[in-house]
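These notes concern the structure reproduced below.
The values are calculated or read from the model by the stated rules, or taken from the named source; none is laboratory data. Predicted model only: the values in this text are computed from it and were never measured. Neighbour counts run over all protein chains shown; Cβ positions are idealised from the backbone, glycine included. Keep in mind that these areas ignore ligands, DNA and RNA; they rest on the heavy atoms of the full protein, side chains included. Shrake-Rupley method; radii C 1.70, N 1.55, O 1.52, S 1.80 Å.
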Amino acid sequence: KWIVMGALLSAHARATSMGPTWSATLQHYASTPADSDIRETAQHVAGTAVAPARWSLALTDILMFLKRIPLYSNMHLEQLRTVAVHLLERNVMPGAAIFREGEFSHELYIIVAGKVEIVQQRASGPLTLATLAVGDFFGDIALFGDQPRSARAVAIESTVLLTLSPEHFRQIVLEDPAMSFEIFRALSARIRRFDEAMQA
């Protein structure tokens, strides 16, 4: 993916010598790839990118959704609003990888719609560790360390995610330190349940 994106960006400087071939190439990548990063890069280079809305859902819907999931259920409205302004929406097509095993990425993901499988590669083949649905969150351990992803996350149907970066997580904690207790409590409980399930 990164090779293709780099090629699109660097080849743009040679566009005048490539003539209509370059326009056709840009149009291809801007409209067909399932990978949103490649598609958005091509659209940006071609000048056809449209700035996406932060959410397709209304802010009130986001707040009500957050209130229903364990990670944020004990927060009051103003705290939820602080969290919400730092979330970004991401839409994923069926079969597309959200992140891959061994990848260095650190976002937390919350499922708004759809289903996601967490899959780990074993010597005997891929093993599905969990199938997650609306209200579940994943990728949380990566918020706190610089280790590669221990499994891959794949959308098994059209999926809408809310994502939180480590930088935005730190901003949330700085803006309202009291929220960190509730978040860490929920994350600790989740990690403990996951460890117990793995041991079983």
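At a glance:
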quantity: Ranked packing of 180-188, 121-129, 106-114, 156-164, most packed first, by mean Cβ within 10 Å; calculated: 106-114, 156-164, 180-188, 121-129
quantity: Pairwise label distance in nanometres, R170 with E182, each label 7 Å out on the Cα-Cβ vector; calculated: 2.4
quantity: Dipole magnitude of the stretch 101-200, debye to nearest 20 (Cβ charges: Lys/Arg +1, Asp/Glu -1, about Cα centre); calculated: 300
quantity: Accessible area (Å², per residue) of the stretch 68-114, counting only protein heavy atoms and a probe of 1.4 Å; calculated: 47
quantity: Along principal axes, Cα extents of the stretch 87-135, largest first, whole Å; calculated: 36, 22, 17
quantity: Charge sum, other residues only, whose C-beta stays under 13 Å from V173's C-beta, Lys/Arg counted +1 and Asp/Glu -1; calculated: -3
quantity: Computed P(r) (all Cα pairs; the stretch 56-146; 10 Å bins; percent); calculated: 14, 44, 32, 9, 2
quantity: Accessible carbon and sulfur surface of the stretch 78-158 relative to its total accessible area, %, 1.4 Å; calculated: 52
